[in-house]
Amino acid sequence: MGSYKDPNHGSDDVVENLVQRLRLYKPTPVSDETQFSVKRAAVLVCIFHGNNGDLRVILTKRSSSLSSHSGEVALPGGKQEETDIDDIQTALREAKEEIGLEPSLVSVVTVLEPIVTKHRMIVVPVVGILSDTKAFDPCPCADEVEAIFDAPLEMFLKDENRWAEEKEWKGEKYLLHYFDYEAENGKYLIWAFTAGVLIRVASIVYQRPPAFLELQPRFWDMAITGDIPKP
């Protein structure tokens, strides 16, 4: 991963501004009825200051041997375990297991609204900052991760190298967004849930909406409305 910023460069102001914006964000309260009604997972949106002065996010390409979402781009994360005390611990634990990122290197600044997938899984995005990039030595778990790369966060607000697919759920249309990205170690397609999370995070960080119609699926907000159907 060659995009990490040398900590000797002055990036304190950029990171501090980022932290302040995220800490000021107030997630919408979640319906109590959904707290333990379905399976739960968490993902880590880990942001750092890149060599070009931009803000970047760490992503993975899932192993092609996995039974679900094989070969897809994803944020580090996974299902909650009984020993996890909260969503933050889930996200940090999974990031360490998947990419070798020590929890002590990540400063968690906010937890966003839970998102409900079509398979009734509640997924919580945990946003953290990696300040000491020199201390992070990426180490992919061979069973789960095929590659680790990073991408500029702002790209998820731009209508460049992007296309969308119209879908329908219970009579309501929504869009799945696809972003093509070429990193130093290959070409990647960032789409669907992962793209949606990064659009949301980028909108908060840069304090502006995307330059395209977002039209997210209504079921994403079911943890807020309490409308998650019973199994």
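The values are calculated or read from the model by the stated rules, or taken from the named source; none is laboratory data. All figures in this text were calculated on a predicted structure; none of them were measured in a lab. Virtual Cβ from ideal backbone geometry, glycine too; neighbours counted across all protein chains shown.
Do any residues in segment 130-143 that are free of Cβ contacts under 8 Å to residues at least 60 places away in the same chain have Cβ atoms under 9 Å from those of residues that are surrounded by 14 or more Cβ atoms within 10 Å (Cβ to Cβ) and of a type in the set (A, V, I, L, M, F, W, C), where the two are at least six apart or on different chains, and which pairs are they? As it stands, the answer is 135/105; 139/99; 139/101; 139/148; 141/99, since those pairs meet every condition given.
Of all residues in segment 67-111, those satisfying the criterion of being hydroxyl-bearing (Ser, Thr, Tyr) and part of a strand (DSSP E or B) are 107, 110. Exactly one residue out of 166, 160 is more than 18 Å from the chain's Cα centre (by Cα), closer than 17 Å to residue 217 by Cα, loosely packed, with under 12 Cβ neighbours inside 10 Å and not basic (Lys, Arg), and it is 166. Within segment 147-162, residues that are touching a residue at least 40 places away in the same chain (Cβ under 8 Å) reach partners that are assigned to a strand (DSSP E or B) and basic (Lys, Arg) with beta carbons closer than 7 Å, at six or more positions or on different chains, in the pairs 147/61; 150/56; 151/56; 152/56; 153/56.
Within segment 125-135, does at least one residue satisfy the condition of being farther than 25 Å from residue 108 by Cβ and more than 18 Å from the chain's Cα centre (by Cα)?
Taking every residue of segment 125-135 in turn, none turns out to be farther than 25 Å from residue 108 by Cβ and more than 18 Å from the chain's Cα centre (by Cα).
Yes or no: segment 70-79 includes at least one residue that is at pLDDT below 85, over 16 Å from the mean Cα position of the chain (by Cα) and over 27 Å from residue 12 (Cα atoms). Yes: segment 70-79 contains one or more residues that are at pLDDT below 85, over 16 Å from the mean Cα position of the chain (by Cα) and over 27 Å from residue 12 (Cα atoms). Counting residues in segment 117-128 that are under 28 Å from residue 186 (Cβ atoms), out of contact with any Pro (no Cβ under 7 Å at 6 or more places or on another chain) and assigned to a helix (DSSP H, G or I) gives zero. Considering every residue within segment 51-65, establish whether at least one is more than 23 Å from residue 183 (Cα to Cα), part of a loop (DSSP other than H, G, I, E, B) and without any contact (Cβ under 8 Å) to a residue 60 or more places away in the chain. Taking every residue of segment 51-65 in turn, none turns out to be more than 23 Å from residue 183 (Cα to Cα), part of a loop (DSSP other than H, G, I, E, B) and without any contact (Cβ under 8 Å) to a residue 60 or more places away in the chain. Only a single criterion out of (1) surrounded by fewer than 17 Cβ atoms within 10 Å (Cβ to Cβ); (2) more than 24 Å from residue 124 (Cβ to Cβ); (3) modelled with pLDDT of 95 or more is not satisfied by residue 178, namely (2).
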